[in-house]
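Just below is one structure, and these are the notes that go with it.
The values are calculated or read from the model by the stated rules, or taken from the named source; none is laboratory data. Every value quoted in this text rests on a predicted model; they were computed, and no experiment measured them. Cβ: placed from backbone, ideal geometry, glycine included. Neighbour counts: every protein chain shown.
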Amino acid sequence: MLKIVTKDISDFRDTLDAISSLITEAIFKINSNGIGLVAIDPASVGMVVYNMFASAFDTFKVEKEMSLGLNVGQLVSVLKRASAGDEVEFTSDGEKFTVVIKGKSKKKFVMPIIDMRENEQKVPNLEFFVTVDTNVSYLKDAIKDVNMVSDCAMFVSKGGKFIIKAEGDGSEVEIEIPEAKVNGEGTAKYATDYLEKMILKGGNDVRIRYSDDYPVEFEYVVKDKYKLQFILAPRVDTA
């Protein structure tokens, strides 16, 4: 039996909204520590590793660990029906997943639990040589600028600076990210359509880790609330 209650659904909703742009369905593992999932997008290009801590909720009761297959997009749509200050309650008996929203009115949504083949996804053991700490708004603006020129962004860290640039059809763009704390040097390219999906709406700080022609990891952490990581494979030029 599961019962989770919160009067501030914003963090849970916004993180799941970002996740839903990458994956459609996922197995949510729920235990006394919180709610977690590890999933890969259908093209096997991007991965999400997510933990919403039990401390982020007002009430968090789970008798034993549960694995629930849910449609992430549908869950996000339900959560968007909650207004600021509404109480949101999640319950499940293992057969169905119920969301009750209590505000000016009381709304009850019942979602099916999807029978998914539970293939345990392992988080890869990656070794990064570049770390960049910056504000997510700068990253979001830079990707918009790059999209005007190309569908591929080049990350360049050198001399304590973090630069995002692109070339295409004779055009070029280069953006130096302000207020970035950079450790290490490296260059790699990534598809902008995936980068856009991995930018957390409403997020503040993001930690970016990558290496030369190597996957990139975006990490968002809010103490006592959640940890969200996206991992994206590089775009490697072939001869």
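Quick notes
- Summed over region 127-158, the residues that are without any contact (Cβ under 8 Å) to a residue 24 or more places away in the chain and over 14 Å from E179 (Cα atoms) give a count of 1.
- Residues within region 127-154 that are among the acidic types (D, E), surrounded by 15 or more Cβ atoms within 10 Å (Cβ to Cβ) and not in a helix (DSSP H, G or I), tallied: 1
- Residue within region 96-114 that is buried (at least 18 other Cβ atoms within 10 Å of the Cβ) and within 22 Å of D224 (Cα to Cα) present: no
- Taken across region 189-205, residues that are closer than 25 Å to S44 by Cβ, in a strand (DSSP E or B), outside the structural domain of F28 (by TED's automatic domain parsing) and of a type in the set (S, T, N, Q) do not occur at all.
- Selection status of E95, of a type in the set (D, E), closer than 30 Å to V236 by Cα and modelled with pLDDT under 95: no
- Check on D212, closer than 23 Å to S21 by Cα, charged (D, E, K, R) and at pLDDT 95 or above: no
- Candidate set: region 1-11, residues that are of a type outside the set (S, T, N, Q) and under 21 Å from D93 (Cα atoms); chosen: the one surrounded by the fewest Cβ atoms within 10 Å (Cβ to Cβ): M1
- You will find that of K108, K104, the residue that is among the charged types (D, E, K, R), assigned to a loop (DSSP other than H, G, I, E, B) and over 21 Å from the mean Cα position of the chain (by Cα) is K104 and no other.
One line per residue, one yes/no per condition, for (1) at pLDDT 95 or above; (2) surrounded by fewer than 17 Cβ atoms within 10 Å (Cβ to Cβ); (3) under 19 Å from the mean Cα position of the chain (by Cα); (4) at positive phi:
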{"site": "T24", "(1), (2), (3), (4)": "no, yes, yes, no"}
{"site": "P42", "(1), (2), (3), (4)": "no, yes, yes, no"}
{"site": "V49", "(1), (2), (3), (4)": "yes, no, yes, no"}
{"site": "T59", "(1), (2), (3), (4)": "yes, yes, no, no"}
{"site": "S67", "(1), (2), (3), (4)": "no, yes, no, no"}
{"site": "K80", "(1), (2), (3), (4)": "yes, yes, yes, no"}
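- Among the residues of this structure, G36 counts as one that is without any contact (Cβ under 8 Å) to a residue 40 or more places away in the chain, surrounded by fewer than 21 Cβ atoms within 10 Å (Cβ to Cβ) and within 16 Å of the chain's Cα centre (by Cα).
- Residue, farthest from the chain's Cα centre (by Cα), within region 1-18, restricted to residues that are under 18 Å from G202 (Cβ atoms) and part of a loop (DSSP other than H, G, I, E, B): K7
- Where a residue in region 167-188 is closer than 23 Å to S211 by Cβ and its partner, wherever it lies, is polar (S, T, N, Q), with Cβ under 6 Å and at least six apart: I177/T134; A180/T134; V182/S157; N183/T131; E185/S157; G186/S157; G186/S211
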